[in-house]
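The values are calculated or read from the model by the stated rules, or taken from the named source; none is laboratory data. Quick caveat: nothing in here was measured; it's all calculated off a predicted structure. Cβ placement follows ideal geometry from the backbone for every residue including glycine, while neighbour counts extend to all protein chains displayed.
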Amino acid sequence: MLSKKITDGTELVVFDMEWNQPFSGKTVSNEITVLPGEIIEIGAVKYEYSGGRLSRKAVFSCDIKPVIYKKLHYHVMKITHKTDEDLKNGISFKEAAANFRDFMQGADLLVGWGNSDPKILKNNLKFFGLDDSLGVDFLDLQPIFSVFCGQPGQQKSVEFAVDFYNIAKQDIFHSATADAQYTGEVFEEIFEHNKPAEVISAVSSSSVNPDMPSEFSFTGSDVKEADAAFAEVEEKILICPLCSARLASTISPFRIRKSLYGLMNCSTHGDIFVRVRAKRRTGGKYYAAVVMRFATQNDYYLVASKKEEFDKYGVKGAPAPAPQQPSEEEGQTNCE
Amino acid sequence: MKKSSASRRYYITGFIAAFLISCLIVAGAIFLCRNTEPGKIVPSELTSRFSKFDEDMLGKIKTTASDCKAFKRGDLSGKIILDDYCDPFFFLGYIIPDASLEAFFTAVYVIKIGLAAAFMYSFLRRRMALKRTFAILTGMTYALSSRVIFVASLSQGMNVVLLMPVALSLIYEAVRKRSSLSHVFVGLISFIMCILGTAGTLSGTLFIISASLIVSTALTDSVKRALASWGRILLAVLAGVLTASVAIVPRFLSYGMTYDFMKIIDDRKVYYSFFDMLSTMFTGAGGSLDYSAVPTIYFGIMPLILLILFFFNRKIPARLKFASLILIALTHISCAVSVVDLTLSFFGYSSVLTDLRLIGLCAVICFLSALCLVNLDGLSDTAVLAGCCAPVIAIILFNGLGGAVSYNITALYLPGAVIIGLCLLIYRKRKDFLPARYLYPVFIFGLAFIFFNTFVIYATGSVEPADVSASFVSEKVYERLDLISDDEISLFNSADDKYIVFPAEEAVILDDSILPVFINSVSRSLTGERLFEKKDFEIKAQDNISSDDSGYFTANSDSALLTISVDREEGQELYLYVGFDGLNDVEEDDGEDTDYFSSEGAFLKQISCKGRHIDIAIGIDGRESVTAPIEVLILDKDVLADVENKTRIMSQKNFLIDPSFVAQGDNYLLTNLPYDSDYAVSVNNDKVITYSVQNMLAVRFDNNSPDKDVDIRISKVSPGQSLGFYLSMLGAAMSIALFYARWVRRNKKDKGTRQGGKARVC
């Protein structure tokens, strides 16, 4: 929930980052979980909300020279089209973080595409010994776009959103600055094509405080049956992971195939999405993998759609669609 | 002469009885647990038995049987044989038909427990002259403790369990006789324990060191003599361990040890309070249910009462009580405080080593119990009563707080403790008057008690599952590529060692690429065509995972879930590639069949469901903010056949490659041997640099003579082999020197005594 109302004059920063990741199987000096990715680029655009519209105020862009993961991972190389040479021209992360904080001054909301960016930013701030609190709410625009484009529950790419609103493509995607600008333009379009009050309502209910943990995952003990794995954690998912209060059920937990879903409510912390999956170890034993998090637009949609499927088909879920016979032409084409 | 023969018969009868009764009890407990429903014999509430016998306990036996099959085929590596299966029974499996191997190793499991009981009986009876009835019962309590029952399925651990009573016996003789030969035997048993495996080196040696301190203290009349005697034994142990260096050093160097103590402490900050440790010492069913719980030394209430009585016994010297108390406390703390435990477990994680330390403690406690029984005169009636009450009170006090078992167990133990107390009181007072047959009721009662204990251990699942990882944290693992497929794809999922050779110019991408791209690169080099083609799929649901349009995905949480849908055409072989590290799991569903697969790390897997429309749920755990591709691929079977034709099997590590198979100029030789920096490769007698290509061993070489065979020699030198050899030589020299020095000293002493005698006579 947004801590401050969006009113005329509210400033927000749309941002995006690119980061390099360690090579799999290669030994690194630090724990990979402490620094899963080292930021190599930050791009941001500052907007001001006024009269139901967003107006662009300033642009921020900087390249960062990595000091931990200096060699560009081939996945990152393929996506960002950067090279090892490009990495040498940046400034230090400390300097970049200070500049970005200056740029963020006065903003009440950080906006990104996907929820990774604030996590990785905080990771980097902590790793490099800086204050890792962002002090501002964060909005993941991706599920907001999915709702307003009529495809709730689907996590679309920025490129899809740009195409959806026919925004002119001037830069290549997957550069932080270009993606931040595209994301900002998509946000502008969302305001443009919908009632501002509706957008503000969705934005307010989906914003989270990035300085507070928003997701909690844990696993149950090893048991012999998938049913027992669910039973083993059924009490644990009724407790708020933040305050340990007993949760009320907005949508009671229900099982569909090997997953269990539920929407719970904590009187202090609001709606909490619950997902439990029964997983099997190599030895044949099962355990429950539990995810509990503050519900987002996607989660509301996911639980509602799964509940609908459960009510209709029960635990086994919807049957797979009947196979379609390939046409003769298709078959021939494939043979070729 | 007649008397000696009768005495031997008396001893052997006891030996056979300890062996057979233990075997029968184990077999009976397994049979009962596997064939009866919970609550049928004894109410579930009394035994805490709510499910049938835990099949996992026999998991290791199945693994042993399967490893034995591999051994017969010649597929089991020397390292595994040396580390895990240095066991005569395992080699005996060579002559057993494959179909009977599982039954054979189950019988071996039972036999080993019987042997452990018989060996302990032998030590108590022969060395300590303990009454046969008590020696059999105490020997059986040792062998039927929960820790031994767990370890019995692991060859390496059970070797040490069987050798502990033998070592105790040899230590006893060395302290008593102080002869050179007896010390050589102690050195020899240390050497054998080390040779038999990691567990023997670490926990076995630790056991010999600690047990010899207790035995030395028990058999000498002053602290100074005890320390002197202990010092002599320590020298013998050192010589034995050093002599075994040729096996120990390379074995330990093959583990990727960490010396970062801060990291160990950070990783394993699990401490237990002293109260935790006390409470679990007295839990009824005992035996930790999982490794994260405090390990206990449970082996029944009888030795526990005797241990308490040992401390109450006036005839036992205070220095021995003190040394025993210190040893028990240190061992228990070492197992309960995880950082200490891990450090003692060789900077890694091995529950077997913890178990063995506790079994070593059991063996020492058996020795102390026997001392108490031999010296029953040193106990007052009050001491006996107090000794019997103490554990029951402790169970009542600690059990609920420890939370391991219900109070019903306490109710069962209470009459047990009363009967033990009464037996001891009567026996102590009347042992000189009553005929030996009056001990029979004690024997029968003891057996019933041990059977009940064993039944509870099996029935309540207090035996840890055998598939609990017993490996070290950072043990170097060299695995073949993780490609799961029904098709025999050359090089990647073959049981044989294979290789291919292709011109270096053709190969553009080797290590820095994802597996499908790499395979395609190799396939193009060999055949000019790709083995895999990408196939489009539909994303049905995304939870915490976002995609761009290039086939790459980013996990936004450490628990992401992607559901995709694929249409398979008739005859198509589909593969799924997931490039994320961490724990991935895949659930396929085509409406008729489902398939589940999980993998630690990236993998390329054949899609098993054969339906036309397949839903695949891919769970990605533990890799937040990481980007990687997820692809569905179609296998081209014609290209596969071509690749197969150009792949060769390495029947041995030295081989010749036919000139028609190698192009002139720069070539790559790519093998499916997991890369290890210890490999050395020479091509035509020239040493070449080795590369890790997708974790496989590869070399680049220049072929200047197109008409000649290419001579490839692959050898592996374990690090530390020469260091181990020199240390072994040092150990052997030290053994000889010690033997010689003691022999010379003893001769001088004898001579001096003779001369002295003469002088005195004069």
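Pairing each residue of the range B:712-723 that is without any contact (Cβ under 8 Å) to a residue 40 or more places away in the chain with any residue that is surrounded by 13 or more Cβ atoms within 10 Å (Cβ to Cβ) and in a loop (DSSP other than H, G, I, E, B), provided the two are 6+ apart or on different chains, yields C-beta distances under 8 Å for B:VAL717/B:ASP678. Among the residues of the range B:569-596, those that are among the aromatic types (Phe, Trp, Tyr) and farther than 25 Å from B:VAL639 by Cβ comprise B:PHE580, B:TYR596. Considering the range B:613-637, and only residues there that are within 11 Å of chain A (Cβ to nearest Cβ) and more than 29 Å from A:PHE218 (Cβ to Cβ), the residue that is surrounded by the most Cβ atoms within 10 Å (Cβ to Cβ) turns out to be B:ILE614.
Scanning the range B:299-314 turns up one or more residues that are within 23 Å of the chain's Cα centre (by Cα), outside any helix (DSSP H, G or I) and either modelled with pLDDT under 90 or closer than 30 Å to B:VAL456 by Cβ (or both). The single condition among (1) crowded, with 24+ Cβ neighbours inside 10 Å; (2) out of contact with any Ser or Thr (no Cβ under 8 Å at 6 or more places or on another chain) that B:ALA174 does not satisfy is (2). Here B:TYR596 meets the list (1) of a type outside the set (D, E, K, R); (2) under 18 Å from A:LYS258 (Cβ atoms); (3) at the interface with another protein chain (Cβ under 10 Å from one of its Cβ atoms); (4) not in a strand (DSSP E or B) almost entirely, failing just condition (4).
Condition check ((1) assigned to a strand (DSSP E or B); (2) among the basic types (Lys, Arg); (3) facing chain A (nearest Cβ under 9 Å); (4) under 28 Å from A:THR219 (Cα atoms)) across all residues:
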site: B:LEU562; (1), (2), (3), (4): yes, no, no, yes
site: B:TYR575; (1), (2), (3), (4): yes, no, no, no
site: B:GLU592; (1), (2), (3), (4): no, no, yes, no
site: B:GLY611; (1), (2), (3), (4): no, no, yes, no
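The range A:94-213 holds helices (runs of 4 or more DSSP H) entirely within its bounds, and those carrying 1 or more residues that are within 14 Å of another protein chain (Cβ to nearest Cβ), over 30 Å from A:VAL34 (Cα atoms) and in contact with a Gly (Cβ under 7 Å, 6 or more places away or on another chain) map to A:141-148.
Would you check which residues across the range A:69-93 are more than 14 Å from chain B (Cβ to nearest Cβ) and in a loop (DSSP other than H, G, I, E, B) and list them? Within the range A:69-93, A:LYS70, A:LYS88, A:ASN89, A:GLY90, A:SER92 meet the criteria. The condition of being within 30 Å of A:HIS269 (Cα to Cα), modelled with pLDDT of 80 or more, under 19 Å from the mean Cα position of the chain (by Cα) and of a type in the set (Gly, Ala, Ser) holds for only one of A:GLY37, A:GLY9, that being A:GLY37.
Taken as a whole, the condition of being at pLDDT below 85, buried (at least 16 other Cβ atoms within 10 Å of the Cβ) and of a type outside the set (D, E, K, R) applies to B:VAL693. In this structure, does B:LEU447 turn out to be within 30 Å of B:TYR172 (Cα to Cα), surrounded by fewer than 20 Cβ atoms within 10 Å (Cβ to Cβ) and modelled with pLDDT of 75 or more? Spelling it out, B:LEU447 is indeed within 30 Å of B:TYR172 (Cα to Cα), surrounded by fewer than 20 Cβ atoms within 10 Å (Cβ to Cβ) and modelled with pLDDT of 75 or more. Note on the range B:564-573: among residues that are assigned to a loop (DSSP other than H, G, I, E, B) and either touching a strand residue (DSSP E or B) at 6+ places or on another chain (Cβ under 6 Å) or at the interface with another protein chain (Cβ under 7 Å from one of its Cβ atoms) (or both), the one that is surrounded by the most Cβ atoms within 10 Å (Cβ to Cβ) is B:ARG568.
Just one of the listed residues (B:LEU656, B:LEU697, B:LEU633, B:LEU673) is part of a strand (DSSP E or B), within 30 Å of A:ASN20 (Cα to Cα) and in contact (Cβ under 8 Å) with a residue 40 or more places away in the chain, namely B:LEU633. For the range B:539-563, the candidate set comprises residues that are charged (D, E, K, R) and modelled with pLDDT of 80 or more; within that set, the residue that is surrounded by the fewest Cβ atoms within 10 Å (Cβ to Cβ) is B:LYS540. Pairs meeting the criteria (first residue in the range A:202-227 and within 18 Å of A:GLN142 (Cα to Cα), second residue at pLDDT below 85 and of a type in the set (Asp, Glu), beta carbons under 9 Å, at least 6 apart or on different chains) are A:GLU215/B:ASP558.
From the list A:GLY52, A:GLY106, pick out the single residue that is in contact with a strand residue (DSSP E or B) (Cβ under 8 Å, 6 or more places away or on another chain) and at pLDDT 85 or above. After applying the criteria, what remains is A:GLY106.
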